[in-house]
Amino acid sequence: MFNWLLSAEMLILNATWGSSYAKISRNRLILHIPKQKQKLIMSRIYFDNAATTALDPEVLESMMPFLTEKFGNPSSIYSYGRETKLAIENARKSVARILNANPGEIFFTSGGTESTNTALNASVRDLGCGHIITSAIEHHATLHTVEYLQHSGQARLSYVNLTENGHIDMRHLEELLATSPERTVVTLMHANNEIGNLLDIKAVGELCRKYDAIFHSDTVQTVGHYPFNLKETYVHFLNGAGHKFHGPKGTGILYINENIHIKPYINGGAQERNMRAGTENIYGIIGFAKALEGATARYEQDSAYVNGVKTYMAEQLKANFPGIVLNGDTLGKSLYTVLNVSFPRTEKSDMLLFSLDMAGICVSGGSACTSGANSLSHVIKALYNGEEQDLVPIRFSFSRHNTKEEVDVVVEKLKELV
C-alpha cells in the first residue's frame, strides 16, 4: 500500500481519487492510493513552466567550477578574485550582445522582483516622475510597488483600460500620457505571466517617446523566449529572471538605458559599478548567461515546438470540454508558452488543482507568487470583471521538455475530474 502522510491541520475537502481514500490516524492524514495508480503519481507531468523551469544540465555544468575551485571574491585583487571578476564581465558582455545592448547597461540582480522595484523607485526618486501609469493585470512585483509609491504620497497612480481580451487600450494610454501634468513613468509587462498576452513593446515605447515618459517593461516571461534589440526599442528599464528559461533561481538582470542616470539602489560597496553593493552571486550570474545563450541558440526550434504543444492542448481542451473559456488572447498575440483556460465551476472542478496534483500533474491557477490564495487571481478578476463565482481558471505553461503525449494524459485525467 502506498501512503502519503500530511499534517492533519491541512484543509483537504473531498480528497478522493477513484478508489483512493483518506483517513485520519493518530493526528495524521493518510492518503491510500492503489498500486496501479502509484506509477502515474511518481511520474509527474510538469505544466507550470511560467512559474519556474528545470535547470539545464549544461547550465549546471557551467556553474559548478564557481561553486568549487573558482571561489574567489571578485573584489579581491589577487588571481582568485581576478578570474571570477573576469567571468562576471564576460557574462555581462554575453547578455548585452544577445539583447543588443551595451555591457554598461546590464546590471545583475537577484531576479525580476528586485529589478522592477529598483526601476520604479528610481523613476520616482531620481528621474522626477510624479505620475505612474500601469494596468490592473501586472505582476504583484509591479502593483505592490506602485501602490506603495501612491500611498506614501510620492506619486499619482493611473490604471490604463484593458480591451475585452486583456490587451492594453492604446488610445486610453495615449490619453493618460497626453493629459498628465507631471512627468510620467509607464510600467507595462511585455507578456502577462498568467494569461500570456503580449504587449506591443515598440508601440508603447514610441508613445512614451512622444510624451517624454520613462518606460519600464517587466520582461521576465520574454527574456530568453523572444529576440530583443534594445538599441532599436525605446525603453529605459527592463528585467529578466534566469529561472524562467532553464537557468538558476535567485539571479536576474536589470537593463538601464545609458541615457538615464539613477542613484545606487543598494549602498555599501562598489560592486556592479557602484550601483548594487554586495558580493556578487557569481555562479548564478554564470548560469544566467549560459542559460540565455542556450535559449537564444535554440529559439527558432524551441518556440515552434513549444507552440505546437500549446496549440495541440488548446485544440484538445476545446474538443473535449465544450464549456471551457480561453482566457486572454490565447491563440493570438500571446506567449507560446502559456495557455490559460477556465472550466465551469462545479463541485468537482472546485477541487481541480488539488485533484490534478494528486494525479501527479503540476499546473497552477495563476502566478506562483500568489499560490495558496483562496480566491481568483487579480488578473482573472480584472479580465472578467469580478465574475469569479463561475470560473475555475487553470494555467498550463510549457517548455521544450513537454510532449503531446503528456497533453493526452492530462486531457484524459481532466475528463475524469471535470
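The values are calculated or read from the model by the stated rules, or taken from the named source; none is laboratory data. On a predicted model such as this, the values are computed, not experimentally measured, just so you know. Note that each Cβ is placed from the backbone with ideal geometry, even for glycine, and that neighbours are counted across all protein chains shown.
Counting only helices (runs of 4 or more DSSP H) that fall entirely inside region 305-418 and contain at least 1 residues that are at pLDDT 95 or above, over 23 Å from residue 198 (Cα atoms) and of a type in the set (A, V, I, L, M), the qualifying elements are 352-358, 404-417.
Contact annotation: residue pairs with Cβ atoms under 6 Å, 6 or more positions apart or on different chains, pairing a residue in region 261-272 that is in a loop (DSSP other than H, G, I, E, B) with a partner that is among the acidic types (Asp, Glu), are 262/126; 263/126. Counting residues in region 92-107 that are part of a loop (DSSP other than H, G, I, E, B) and crowded, with 18+ Cβ neighbours inside 10 Å gives one or more. Against the test of being under 20 Å from the mean Cα position of the chain (by Cα) and within 24 Å of residue 74 (Cβ to Cβ), the options 253, 201, 262 yield a single qualifying residue, 253. For region 26-64, the candidate set comprises residues that are assigned to a helix (DSSP H, G or I), modelled with pLDDT under 95 and among the polar types (S, T, N, Q); within that set, the residue that is farthest from residue 355 (Cα to Cα) is 36. In region 329-366, the residue that is surrounded by the fewest Cβ atoms within 10 Å (Cβ to Cβ) out of those that are β-branched (Val, Ile, Thr) and closer than 15 Å to residue 393 by Cβ is 346. So, residue 326, is that one surrounded by 15 or more Cβ atoms within 10 Å (Cβ to Cβ) and within 14 Å of residue 394 (Cα to Cα) or not? Yes, satisfied.
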